[in-house]
Amino acid sequence: MQNQTPNPVAVWQCDVLVAGSGAGGLAAAVTAAHHGLKVIVAERAATCGGATARSGGWAWTPGNPLAKADGVNEPRDDFRAYLQAVIGAQNYDAERVEMFLENAPHMVGFFEKLTPLKFTPGTKICDIYGNLPGAGTGHRSVAATPFYAKSLPQHLLNILPDQYKMTAFWGMGIMAGSDLGHFLNAMKKPQSFAYAARRFAIHVWDKIVYKRNMQMVNGLALIARLVQAADEKGVRIEVNTAVKALIEDEHGKTVGAYLDTPQGVVRVEAAKGVILATGGYPANTERRKNFPRNPDGRQHWTLVPDEADGAGLALAESAGGYLDERGRSPAAWCPVSVVKFKDGSEGVFPHIADRAKPGIIGVLKNGKRFVNEANGYYDYVTGMLQAVPEGEAVESWLIGDKRAVRSYMFGFAKPRPIPLAIYTKYLHCIEEADTLDELAEKCGIDSVGLMTTVAEFNRMAKQGKDTDFGRGDTPFNRYGGDASTGYPNPSLAPLGKGPYYAVKVQVGSFGTFAGIAVDAFSRVLRQDGSVSDGLYAVGLDQKSVFGGNYPCGGINIGPALTFGYAAARHIAGVTRYEDDGSVSPSAEYLGKLWQPLSDMAKAV
């Protein structure tokens, strides 16, 4: 079908049009341009990056070359066994999983070798479910190396967002690991104080001189380097530009689109096709009604920009594609708390690290624990959805003593030396009370239930064994804890003397797991199983390869980068990998799932 839009102000020509500039879209754009294709990226927002720029930036990429350089050579069977155990047979998409496992290491190698993007290894980042077969204890994740952005030209800085307000420290990004460790230990160790003071002094200077944060870390560092790589390879990036309608030829192949630009409607002729990478639909209230316990779409919060409202899904549907909602969960759950600022605005804070810290527990309205708080953020929300009775608001409270709250981040509240009164008296994002009984009354928690729970938890913490939920039993739990408390288990410490603090936690998400149905090459599928020729979907636009599960941190960005890279190679017709020259498996071999694809490639 040919969509008719009257009187375009211009006609642009390219080989590939990419809708969206998150990790998936930019990875596709850079890869396609590297292979000689002319690429246009249309970004609806004023800046690039989408949800990726707000994220921690870690990408789950098992078997990556940084791990191998460190002497870690895990067999692919381990990765496959772990994913099969997490996902389960019903939702395990073998062909897409194999495509991911085959391409992820080469994707990392490509960007490391041939672009400005360099990675740092997650040597200690563990898979979440350490008790399952094939679970890893590090070396399966990578993140963009932090860098100082003064080297970037001004036209690129103009299209990069600032650090995400809710996870920044006065506008400055802090990276998980040793960087965060220095900030948390600034009042304990002189070297950490010097480190944190230097970082903050540079940040203040940058805000005065450059009017923005220039120390690029986390997801912003990833996006900045991808934008730089795209620019160097000749990709045309247009911000404030939305893809409004697809153009199909007489055979039903997608051959372009109409764009809504600041200059007016532009017709784009894309000879090889269009890649959708608009961020899924987490910001679309109407579509979110399919989320559990969310009858009018407004009971859940999301951390993504407003532009992630399902525009890509609507475009795919116009070409015969459909929303695939099969899987364990439609969204990448994250527990969040809402912060109300003095100017009347609100922000959503993701509880990523505080739940695992010793001296902090999570309870329901009845005062009882309901989950292993130190497991993944996805599991915390899943536990909340299952434990809260029907008809009640799905919410819980994180409870911590003074030592824990002043030692670690507690929701939006920062540890010492930042005054706690900022958060208790001015932002009102946490509650404070001298006794647990008083805290329970302030929060509407059953006081007897809370005091009973704390007494039992304290007993288990002193023994170092959580017999109720197994907190601290896995490497992932222990890595998120703190061994300096002196208690047997780094994930467990008793709640000691008051005052005590509480923050209300609600259901949130990092994005959608349900998404556009695609094949292993990220081509959009129709309901009858046929391919919508010339149309691809990557990032959060495509259905999660992991069947609505969360096996490890970085399982949104890892597949986004990998499938963006693989889709662009498919469009370009590339047969050899860029990093080592090996031959990639062809489509006819993809169905032979029980033999590792890397071995099959040798026979092609």
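Table for the structure above
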item: Within the chain, helix-based [θ] at 222 nm, where runs of 4 or more DSSP H residues each add -39,500 (n - 2.57), nearest 500; result: -8500 deg cm²/dmol
item: Exposure rank, largest accessible area first [GLU112, GLU578, GLU373, GLU317; 1.4 Å]; result: GLU317, GLU112, GLU578, GLU373
item: By accessible area with a 1.4 Å probe, ligands and nucleic acids excluded, highest first: order of PHE110, PHE510; result: PHE510, PHE110
item: Across LYS124/LYS414; LYS165/LYS207; LYS340/LYS402; LYS124/LYS189; LYS402/LYS442, pairs whose alpha-carbon gap is larger than 19 Å; result: LYS124/LYS414; LYS340/LYS402; LYS124/LYS189
item: Local electrostatic count, ASP260, Cβ distance below 15 Å [Lys/Arg +1, Asp/Glu -1]; result: -1
item: For peptides 336-342, 279-285, sequence by mean Cβ density within 10 Å, most packed first; result: 279-285, 336-342
item: Note, ³J(HN,Hα) from phi for region 54-59, Karplus 6.51, -1.76, 1.60, rounded to Hz, x at Gly and Pro; result: 8, 8, x, x, 6, 10
item: Mean Cβ neighbour count within 10 Å, used as a protection proxy, ranking 290-296, 149-155 highest first; result: 290-296, 149-155
item: Order of exposure, largest accessible area first, which applies to MET107, MET409 with probe 1.4 Å; result: MET409, MET107
item: Phi-based couplings in Hz for region 388-404 (Karplus 6.51, -1.76, 1.60; Gly and Pro marked x); result: 6, x, 4, x, 9, 5, 7, 7, 8, 10, 8, 10, x, 8, 4, 4, 5
item: Built amide H within the under 5 Å cut-off of ALA245, gap 5+; result: TYR258
item: Full-extension gain in nm, ASN366 to VAL265, via 0.36 nm per residue minus C-alpha separation; result: 30.7 nm
item: FRET efficiency, 1/(1 + (r/R0)^6) with R0 56 Å, evaluated for LYS118 and MET451 via beta carbons; result: 0.65
item: Residues whose placed amide H lies under 5 Å from that of VAL265, excluding near-sequence neighbours; result: VAL9
item: Within region 59-131: Cβ-based charge dipole about Cα centre, in debye rounded to nearest 20 (Lys, Arg +1; Asp, Glu -1); result: 280 debye
item: Principal axis dimensions, region 6-134 - Cα atoms, whole angstrom, descending; result: 60, 36, 28
item: Gain on full stretching of the segment that runs from SER151 to ASP249 - 0.36 nm per residue minus C-alpha separation; result: 30.9 nm
item: Charge-dipole axis of region 117-209 as Lys and Arg at +1 and Asp and Glu at -1 on Cβ define it, positive-most pick from ALA201, ILE125, GLY171; result: ALA201
item: Size of charge dipole - the chain - debye, nearest 20, with Cβ of Lys, Arg +1 and Asp, Glu -1, no other charges; result: 1840 debye
item: Peptides ranked, highest mean first, by Cβ atoms within 10 Å: ranges 16-23, 205-212, 364-371; result: 16-23, 364-371, 205-212
item: R0 of 35 Å, Cβ-Cβ distance TYR210-LYS189: FRET efficiency to nearest 0.05; result: 0.70
item: Estimated inter-spin distance, ARG298 and ARG576, nm [label 7 Å along Cα→Cβ]; result: 5.9 nm
item: Charge context of VAL204, other residues only, Cβ under 14 angstrom, K/R +1, D/E -1; result: +4
item: Net charge contributed by nearby residues that have their C-beta within less than 12 Å of GLY279 (K/R +1, D/E -1); result: -3
item: Within the accessible area of region 431-571 (1.4 Å probe), percent carbon and sulfur; result: 49 percent
item: Region 256-310 - Debye-derived log10 I(q)/I(0), Cα point model, q = 0.17 Å⁻¹; result: -0.69
item: Spin-label pair VAL11/SER530, simplified geometry with 7 Å Cα→Cβ offset, distance in nm; result: 2.8 nm
item: Calculated from backbone phi, Karplus (6.51, -1.76, 1.60) coupling profile of region 151-163 in Hz, x at Gly/Pro; result: 6, 7, x, 4, 5, 7, 4, 5, 10, 9, x, 7, 4
item: 25 °C / 0.890 mPa s Stokes-Einstein diffusion coefficient of the chain, Kirkwood radius on C-alpha pairs, µm²/s; result: 99 µm²/s
item: Amide H contacts of ASP324 (H built 1.01 Å from N, under 5 Å, at least 5 apart or other chain); result: GLY515, ILE516, ALA517
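The values are calculated or read from the model by the stated rules, or taken from the named source; none is laboratory data. The model shown is predicted, which means the values in this text are computed figures rather than measured ones. All Cβ positions, even for glycine, are placed from backbone atoms using ideal geometry, and neighbour counts span all protein chains on display. With ligands, DNA and RNA removed, areas are computed over all heavy atoms of the protein, side chains included. Shrake-Rupley method; radii C 1.70, N 1.55, O 1.52, S 1.80 Å.
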